[in-house]
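Scroll down for the structure; my scribbles are underneath it.
The values are calculated or read from the model by the stated rules, or taken from the named source; none is laboratory data. Predicted model only: the values in this text are computed from it and were never measured. Positions of Cβ are backbone-derived with ideal geometry, glycine not excepted, and every protein chain shown enters the neighbour counts. What goes into the accessible areas is simple: the full protein's heavy atoms, side chains included, and nothing from ligands, DNA or RNA. Shrake-Rupley method; radii C 1.70, N 1.55, O 1.52, S 1.80 Å.
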Amino acid sequence: MLDSSEVARYDRQIRLFGSEGQKKIKEATALVVGAGGLGSSVSAYLAVAGIGRIIVVDGDAVELSNLNRQILHWTEDIGRHKAVSAAETIRGLNPEVEVEAVCAFANDDNLADLVGDADVVVDALDSFSARHLLNRAALEAKVPLFHGAVSGFDGQATTIIPKETPCLRCIFPRSPPKVTSPALGATCGVIGSIQVTEVIKWLTGEGELLCGRLLLWDGLQARCDLIPVERNPGCPDCGSEEI
């Protein structure tokens, strides 16, 4: 049940999907992998939407160059673990949300356990090699994965439902070389907001998800394009019968 404080806090979105929808959000655990630009926007909007539990995973520390886009961290957080800084800010945004900070980089050793604790997984990473590991872990745990990526004014997003939609490796078979991309905070806000909207839609059963479609955001042209994508029967990640 929702108490009177929750009914008041979430009144404007309860008007969208009702008390039952809000209860589903409250009962969910979201794993946010990455506490940088995307992870900041994602975690903030999940928190104020009333997600029950957020697990924030990041092994990095806050740097001055992060602060143009990583809105969960403030100047006094420089040098601190991003996961810890993010968790503190999230608690300030909504003390009703349970937050767990995991100060570690996502890898083969920890992803299975982390994903296994979640109802939804949000990709807020900055490299495709790590994203492919997360993709595989989400498929094996049969947990939906909400992908996002940004570079400068551009961004992309898609929603991956195991055994139903193309997975991330179907869409991006190979990891491009890791580079330090330009980053604009507003672009992180656009893509992070889309990812959270997809999570809310999944949990409440509202609307049409970005399944089988890759959304491309061109901030310079203020334009979105939707590219249809298909499952690859020979995909090494989702093509296996075990997944």
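Observations
- Figure legend. Inter-residue proximity from the stretch 179-205: first residues at pLDDT below 95, second residues open to solvent by 40 Å² or more (accessible area, probe 1.4 Å), beta-carbon distance below 6 Å, spacing 6+ or different chains. Indicated pairs: 181/151; 183/69.
This table checks each residue for (1) of a type in the set (Gly, Ala, Ser); (2) surrounded by 13 or more Cβ atoms within 10 Å (Cβ to Cβ); (3) within 15 Å of residue 123 (Cβ to Cβ).
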{"site": "182", "(1), (2), (3)": "no, no, no"}
{"site": "192", "(1), (2), (3)": "yes, yes, yes"}
{"site": "196", "(1), (2), (3)": "no, yes, yes"}
{"site": "218", "(1), (2), (3)": "no, no, no"}
{"site": "221", "(1), (2), (3)": "no, no, no"}
{"site": "225", "(1), (2), (3)": "no, no, no"}
{"site": "229", "(1), (2), (3)": "no, yes, no"}
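- The stretch 87-103, residues that are touching a residue at least 12 places away in the same chain (Cβ under 8 Å) and either open to solvent by 30 Å² or more (accessible area, probe 1.4 Å) or assigned to a strand (DSSP E or B) (or both): 93, 96, 98, 99, 100, 101, 102, 103
- When residues in the stretch 116-125 are screened for being touching a Leu at 6+ places or on another chain (Cβ under 8 Å) and either open to solvent by 10 Å² or more (accessible area, probe 1.4 Å) or small (Gly, Ala, Ser) (or both), 5 of them pass.
- Unmet requirement for residue 235, which otherwise passes all of (1) on the phi > 0 side of the Ramachandran plot; (2) buried (at least 16 other Cβ atoms within 10 Å of the Cβ): (1)
- Only a single criterion out of (1) without any contact (Cβ under 8 Å) to a residue 60 or more places away in the chain; (2) under 22 Å from residue 195 (Cα atoms); (3) basic (Lys, Arg) is not satisfied by residue 80, namely (2).
- Residue check for residue 150: crowded, with 22+ Cβ neighbours inside 10 Å and either touching a Lys or Arg at 6+ places or on another chain (Cβ under 9 Å) or part of a strand (DSSP E or B) (or both): yes
- Search result, residues across the stretch 154-198 that are closer than 19 Å to residue 136 by Cβ and acidic (Asp, Glu): 164
- Unmet requirement for residue 243, which otherwise passes all of (1) open to solvent by 30 Å² or more (accessible area, probe 1.4 Å); (2) at pLDDT below 95: (1)
- Taken together, 113, 60 contain a single residue that is closer than 26 Å to residue 142 by Cα and open to solvent by 20 Å² or more (accessible area, probe 1.4 Å), which is 113.
- Condition met for residue 71 (surrounded by 21 or more Cβ atoms within 10 Å (Cβ to Cβ) and touching a helix residue (DSSP H, G or I) at 6+ places or on another chain (Cβ under 7 Å)): no
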